[in-house]
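> Structure incoming, see below.
The values are calculated or read from the model by the stated rules, or taken from the named source; none is laboratory data. All figures in this text were calculated on a predicted structure; none of them were measured in a lab. Positions of Cβ are backbone-derived with ideal geometry, glycine not excepted, and every protein chain shown enters the neighbour counts.
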Amino acid sequence: MKKIFIAFLSVLALAVNVQAQKKSGAIQFESVIDPIAAAEASGRQISDEMKARMPKSIKANYELLYNASNASFMPVTETEDSNTGGGGGGRPGGMRFGFGGFGGGGNREYYYTFADQKVVEVFDMMDTTYVMPTKLTLSSINQFGNGGRNNNQNNNAVQFLDVPPTVEIVKTDETKKIVNLDCKKVIIRTTRKAKVLGMDKDVVDETILWYTNDLGFNFSPMPNLWTEGAVLAIEIKGGGTIAKSIEYRNVSNKDVAAPKKATAITPEQYQAKQAAMMARFRNNNNNRQGATGRVN
């Protein structure tokens, strides 16, 4: 009887140790986008000539580092070894993926504090590194980054109207294993008012999230696509992001801390800077076109 009790304690201790190990680790994500399918899904008309020049797919890798209190999510390069000292700490260089902000936003990094559910976004703009507060939420923005607004371009078959979309969360009973974690499926159904070839239509987009509660914290590769738990896969038209592997290992607080040498910026200030940059771009483009057409 004593031997059985000792064996039981050993198994219990092993289970507790395994659970403790799962409080810290690294998850590798892969994003794959078919740029032609994604563009056409957002209403853009692509010529055959342009399709011939476009890549069949765009891939990118990301890493989520986490411990019991914090996490970071950032793009990684193929040459970066996330298992070296620093655990991927430091901002990776080289070419970064960015297609409409999908899969973490290209050159954007996210840092999470679990206790107060705070998220900060770090990015470079105009030779300056900014840090901006954000949050896990379900936003009605367009999955390809145009906010569902009408851009009035003649080459778009679908012209989204500047009215708020209807967003519906559909929970399902479907489950599946992702990196050996139990995940549940939820569908985000977004209905937008639009002009499709001049006719009023309701355009419905469905985004699928697969999330798990096994990790004990909240997360999403896209902070504006989150309902609950830790999102390990996102499926959209033309592509998706999914966790490919997980390694339970020690991650220090410094490995998941946002850079201290960054300039704070509010979402409102960021929007203002973006609007100013777009205005300068349009003015420069108009000036170039005017110079081209000028007769000496």
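> Spot the failing condition for Ala68; the list is (1) at pLDDT below 50; (2) more than 26 Å from Gln274 (Cα to Cα); (3) small (Gly, Ala, Ser), and only one is missed.
It is condition (1) that Ala68 fails.
> Have a look at Thr172, Thr207 and point out the one that is without any contact (Cβ under 8 Å) to a residue 24 or more places away in the chain, part of a strand (DSSP E or B) and of a type in the set (S, T, N, Q).
Within the list Thr172, Thr207, the selection yields Thr172.
> Which pairs do you get when a residue that is under 23 Å from Phe160 (Cβ atoms), found in region 43-57, comes within reach of a residue that is of a type in the set (D, E, K, R), reach meaning Cβ atoms under 7 angstrom, with the pair 6+ apart or on two chains?
Ile46/Glu40
> Residues to consider are Gly93, Gly101, Gly88, Gly105; find the one that is over 28 Å from Lys56 (Cα atoms), modelled with pLDDT under 90 and within 19 Å of the chain's Cα centre (by Cα). Before you say what the answer is, go through the steps one by one.
Working: Gly93 fails: over 28 Å from Lys56 (Cα atoms); Gly101 fails: over 28 Å from Lys56 (Cα atoms); Gly105 fails: over 28 Å from Lys56 (Cα atoms).
Result: Gly88 is the single residue among Gly93, Gly101, Gly88, Gly105 that is over 28 Å from Lys56 (Cα atoms), modelled with pLDDT under 90 and within 19 Å of the chain's Cα centre (by Cα).
> Filter region 136-166 down to residues that are surrounded by 15 or more Cβ atoms within 10 Å (Cβ to Cβ), at pLDDT 85 or above and outside any loop (DSSP other than H, G, I, E, B), then give me how many there are.
Here the count works out to 1.
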